[in-house]
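Asks: So that we are looking at the same thing, I have put the structure below in C-alpha cells.
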Amino acid sequence: MTLDSMPGSSGYLELYPERKMAYFKNPYVLGLTVVAGIGGLLFGYDTGVISGALLYIKDDFEAVSKSSFLQETIVSMALVGAMIGAAAGGWINDAFGRKKATLLADVVFALGSAVMAAAPNPYILILGRLLVGLGVGVASVTAPVYIAEASPSEIRGGLVSTNVLMITGGQFLSYLVNLAFTEVPGTWRWMLGVAGIPAVIQFCLMLCLPESPRWLFIKNEKAKAISILSKIYEFPRLEDEVDYLSSQLEDERQKKNGVSYWDVFRKKEIRLAFFAGAGLQAFQQFVGINTVMYYSPTIVQMAGFHSNQLALLLSLIVAAINAAGTVLGIYLIDHAGRRKLALTSLFGVVISLIILSWSFFVESSDSTSVLYGWMAVLGLTLYIAFFSPGMGPVPWTVNSEVYPEAYRGICGGMSATVNWVSNLIVAQSFLSVAEAVGTGATFLILAGVAVVAFAFVIVFVPETKGLTFEEVEAIWKEKAWGSGSTTRSLLERGNEF
C-alpha cells in the first residue's frame, strides 16, 4: 500500500471526498465524541464556576475576603489536582484503557463536587477543589485521545475540537448557573455542587460505549476492535483500515514493552514531538486564557463595574463568545489547518492584550471615566474572540495526533501536565502580580508572552491537517534525521541523539 492510498491520507481523500461529510453524519462517531466530550464539559464548568462562586465565598468566609493568597489557593488547588491527575492519567490510559480512565475521572469529580457543596470552612472547600481537579486532570488526558483514536483522520481535527467546544460550553453553562443561583440561599454551594451532575451522566452513558479500537488492537483484542471499527467505516474502507492498523500496531506492540518516560527525552523524534506538543500546551496557559476565565468577574470589577450580578452578566457574554469562537474553530481547524489557525489566533491575542493593558493604564490615571472600563471589557471580548477558534482547540488537537501509538498515553499525560502546571502558575500568581505591578502591566507581560508563542509556532510546530498518525510520525523522522530517514522506524534509533 502506498502512502497516498493509506486510509485517511490526502491521496485517499482525493479519491473519496464525499466520505468526509458522511463521517460527520455517522451517529455512532458523533455519539462517541459527545459522550467523551462531557469530560471537557466538566473541565470547562469547573474553570468557569469558581470565578463567580469566589465572589460569594468571600462574603461567607471573612478569612477568604481578606487574603488574596487564600482566594488564589481556592482557585488553583483544582489545578494542583489536575496536574497530578494528568500526570497519572497517561499511565492509567495505557494500562486500563480510555473507557475505565473516564469512569474513574467521573467518580472522583462527583465526589469532589459533593465535598465542595458541603464544605464548612475554606480548608474543606480546598480539599474538594483538589478532588475535582484530580478528576478533571484524568479527563483532560483521556477525552482527546479517545476521540482521536475513534475518529477517521479526515475529520479528526474537528471531532477533537468538539472536546474543546464542550470545555467552552461548560464555561458558558457555569456562568448561567452562577446567575441562576445569585439570589438563592447557599449561592456558591449550589454553583459548585451541581457540577457533579454531568459527571454522573457521563458515567452512566460511558458504561454503554466501547473501548478505543486502537487500544484494543494494542491489547491483542482484535475482534472487539474490528466490531467497533465496522460501526465507523464502511467496506472496503473498513478492510483497508483493519489491514493497516494490524501491520502498524504489530510493531507498536513489540516496542511497547520498552517504552518509558525517559525515552520521551532520549529519542530525538519523540523529544521533538513532545517539545512541540508541550510547548503549545504551556503557551495556551501563559498567554492568560484561564486567568481571563477564572477571574473575568473580578477583572470586570477592577474595570469599575462593582455589582456582582453585572460582573457575572458581562462575564457570561465573554463565555458565550468563547463558545461561539470554538464552533468556528471546529470548522477552520480541518480547513485552514492547525498551524495557520494558531498563528492568526496569537496575532489577535497580542492586539487584544495590548488594548486591555492600555485601558487599565489610563483608567488608573482617570478613575472618573466609565469609558476605560468599557474598553477593558472590549479588550476581554476581543481576546476571547481571537483565542477561542485557534489557541483553544489547536494545542489539544495537535497533542492528540503528533505522538506514535506506543507513546500517545505517556506523552499525552506529560503534555497535559505541562498545561496544568502552567495553568497553576498563572492562576496562583495573577492577583498577586496585578497587586504588585498593576493590572495594566500584568496584561502587557501576557502580550509579550504571546509574541514569544507566535515565534514558537512558526519554528517548531508542523502542519498535521488531514494526515494519518503514521504520516505525522514521518514528519518527525524527517525533522530529526533528514529526508532520507523516512524508511527507518521512528523507534529504531532509541540510543542516538
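Asks: Checking A88 against (1) in a helix (DSSP H, G or I); (2) without any contact (Cβ under 8 Å) to a residue 60 or more places away in the chain: exactly one of these is not met. Which one?
Replies: Of the numbered conditions (1) in a helix (DSSP H, G or I); (2) without any contact (Cβ under 8 Å) to a residue 60 or more places away in the chain, the odd one out for A88 is (2).
Asks: Could you check region 141-191 and list, in sequence order, the residues that are polar (S, T, N, Q) and modelled with pLDDT of 85 or more?
Replies: T142, S174
Asks: A follow-up question, please. Hey, can you tell me all the residues within region 95-145 that are charged (D, E, K, R) and open to solvent by 20 Å² or more (accessible area, probe 1.4 Å)?
Replies: Passing the criteria: K99, K100.
Asks: Looking at E211 and the list (1) farther than 30 Å from S315 by Cα; (2) part of a helix (DSSP H, G or I); (3) within 22 Å of the chain's Cα centre (by Cα), which single condition is not satisfied?
Replies: (2)
Asks: Given the options I74, I50, name the one that is under 24 Å from the mean Cα position of the chain (by Cα) and over 15 Å from Q171 (Cβ atoms).
Replies: None of the others qualify; the one that does is I74.
Asks: Specify which of the listed residues (G466, G413) is on the phi > 0 side of the Ramachandran plot and open to solvent by less than 20 Å² (accessible area, probe 1.4 Å).
Replies: G466
Asks: Anything in region 333-349 that is open to solvent by 10 Å² or more (accessible area, probe 1.4 Å) and over 17 Å from the mean Cα position of the chain (by Cα)? List them, or say none.
Replies: The answer is D334, H335, A336, K340, L343, T344, F347.
Asks: When you look at S161, is it part of a helix (DSSP H, G or I), in contact with a Pro (Cβ under 7 Å, 6 or more places away or on another chain), of a type in the set (S, T, Y) and under 27 Å from L30 (Cα atoms), yes or no?
Replies: Taking the combined requirement at face value, the residue satisfies it.
Asks: What are the pairs with Cβ atoms under 9 angstrom where one residue, in region 310-336, is farther than 12 Å from N178 by Cα and in contact (Cβ under 8 Å) with a residue 12 or more places away in the chain and the other, located anywhere, is surrounded by fewer than 17 Cβ atoms within 10 Å (Cβ to Cβ) and among the charged types (D, E, K, R)? Sequence gap at least six, or different chains.
Replies: D334/K20
Asks: Return the total of residues in region 179-218 being free of Cβ contacts under 8 Å to residues at least 12 places away in the same chain and charged (D, E, K, R).
Replies: Looking only at that region, the number is 1.
Asks: For region 386-406, state whether one or more residues are closer than 21 Å to M166 by Cα, of a type in the set (A, V, I, L, M, F, W, C), at pLDDT below 90 and surrounded by 22 or more Cβ atoms within 10 Å (Cβ to Cβ).
Replies: Checking region 386-406: at least one residue is closer than 21 Å to M166 by Cα, of a type in the set (A, V, I, L, M, F, W, C), at pLDDT below 90 and surrounded by 22 or more Cβ atoms within 10 Å (Cβ to Cβ).
Asks: List, please: which pairs have Cβ atoms under 7 Å, are six or more places apart or on different chains, and start with a residue in region 226-246 that is buried (at least 16 other Cβ atoms within 10 Å of the Cβ) and end with one that is among the polar types (S, T, N, Q)?
Replies: I232/N26; L238/S230
Asks: Return yes when K66 is surrounded by fewer than 23 Cβ atoms within 10 Å (Cβ to Cβ) and in contact with a Ser or Thr (Cβ under 9 Å, 6 or more places away or on another chain) and no when it is not. Walk me through how you get there before you give the answer.
Replies: On the way: surrounded by fewer than 23 Cβ atoms within 10 Å (Cβ to Cβ): yes; in contact with a Ser or Thr (Cβ under 9 Å, 6 or more places away or on another chain): no.
The answer is no for K66.
Asks: Where residues in region 456-481 are part of a helix (DSSP H, G or I) and among the aliphatic types (A, V, I, L, M), which of them is farthest from the chain's Cα centre (by Cα)? Steps first, please.
Replies: Residues of region 456-481 part of a helix (DSSP H, G or I): 456-460, 469-481.
Checking which are among the aliphatic types (A, V, I, L, M) leaves us with 457-459, 472, 474-475, 480.
Values: V457: 17, I458: 21, V459: 22, V472: 20, A474: 25, I475: 24, A480: 27 Å.
Filtering first and then ranking leaves A480.
Asks: Within region 14-32, is there a residue that is buried (at least 21 other Cβ atoms within 10 Å of the Cβ), closer than 30 Å to T187 by Cα and at pLDDT 80 or above? First the steps, then the outcome.
Replies: If we filter region 14-32 for residues that are buried (at least 21 other Cβ atoms within 10 Å of the Cβ), which is where we start, we get 23, 29, 32.
After this cut, where a residue has to be closer than 30 Å to T187 by Cα as well, the list is none.
Scanning region 14-32, I find no residue that is buried (at least 21 other Cβ atoms within 10 Å of the Cβ), closer than 30 Å to T187 by Cα and at pLDDT 80 or above, so the answer is no.
Asks: Taking region 27-67 as the search range and keeping residues that are part of a loop (DSSP other than H, G, I, E, B) and of a type outside the set (D, E, K, R), which one is nearest to L104 (Cα to Cα)?
Replies: It comes out as F61.
Asks: Looking at region 258-280, is at least one residue modelled with pLDDT under 70, buried (at least 17 other Cβ atoms within 10 Å of the Cβ) and farther than 18 Å from N419 by Cβ?
Replies: Within region 258-280, one or more residues are modelled with pLDDT under 70, buried (at least 17 other Cβ atoms within 10 Å of the Cβ) and farther than 18 Å from N419 by Cβ.
Asks: Quick check on S359: is it at pLDDT below 85, open to solvent by less than 10 Å² (accessible area, probe 1.4 Å) and of a type in the set (S, T, Y)?
Replies: It is true that S359 is at pLDDT below 85, open to solvent by less than 10 Å² (accessible area, probe 1.4 Å) and of a type in the set (S, T, Y).
Asks: Of everything in region 173-208, what is of a type in the set (D, E, K, R) and loosely packed, with under 14 Cβ neighbours inside 10 Å? Give them in sequence order.
Replies: E183, the sole residue that qualifies.
The values are calculated or read from the model by the stated rules, or taken from the named source; none is laboratory data. Quantities reported herein were computed from a predicted structural model and do not represent experimental measurements. Don't worry about glycine lacking a Cβ; one is built from the backbone with ideal geometry, like all the others, and counts go over all protein chains shown. SASA here: full protein model, heavy atoms, side chains in, ligands and nucleic acids out. Shrake-Rupley method; radii C 1.70, N 1.55, O 1.52, S 1.80 Å.
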